[in-house]
Amino acid sequence: MSMDDGLAELDFTVFGFIAKPPAEVYEAVADPEILSRYFTTGGARGRVETGATVRWNFADSPGAFPVEIIEADAPARIRLRWAGDASATLDPRGTEVEFVFRPVDDGSRTEVRITERAWRSTPGGAVGAFGNCMGWTGMLAAMKAWLEYGINLREGFYR
């Protein structure tokens, strides 16, 4: 937000607490088999590791999305980049998403923060940012329901 004429970039952070230790919550994002159970309903391919490109497929949004892993630092942080509408993002490669897993209550629970940045401050950028904000909030709720109760909230949610 350093432009003289207003907002230069749109970004957002969503967060929630999950009653599992950080290593288990981190694995729920890094392990494609676990991620496929509650979030990527069309499946996930490839383990989240620094330098890898994995694929996330959503049955309710056809097509597998390539996800570039910028950094994977278990069990504390994951940074990734995925493509978006080039007219809506500041970086032609897409937006950057950061997951931060912070231990709370002596490590028995985890605060998960998800930040996405690099959306243009335009109507198209706002549509993309608001839509993804909804998506990451849903992902957090679905991860909590899966890890704590074994319930898949996403199944049938968007269709």
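None of the figures in this text is laboratory data; all of them are computed from the coordinates on show. None of these values were measured; they are calculated from a predicted model. So basically every Cβ, Gly included, is an ideal-geometry build from the backbone, and we count neighbours across all protein chains shown.
Couple of notes before you dig in:
- Phi-based couplings in Hz for region 113-127 (Karplus 6.51, -1.76, 1.60; Gly and Pro marked x): 10, 10, 10, 10, 9, 5, 8, 5, 7, 9, x, x, x, 5, 4
- Length-normalised contact order of the chain in % [C-alpha pairs under 8 Å, at least 6 apart]: 27
- Shape call, region 100-159: gyration tensor on alpha carbons, a/c limit 1.5: oblate
- Close amide H contacts of T89 (hydrogens built in the peptide plane, cut-off under 5 Å, sequence separation of 5 or more or a different chain): R120.
- Dipole magnitude of region 9-149 about its Cα centre (Cβ charges: Lys, Arg +1; Asp, Glu -1), debye to nearest 20: 180
- For A59, the residues whose modelled amide H falls within less than 5 Å of its own, excluding neighbours fewer than 5 places apart on the same chain, are T41, G42, G43.
- Selection from G84, A142, F101 lying farthest towards where the dipole of the chain points positive, charges on Cβ: A142
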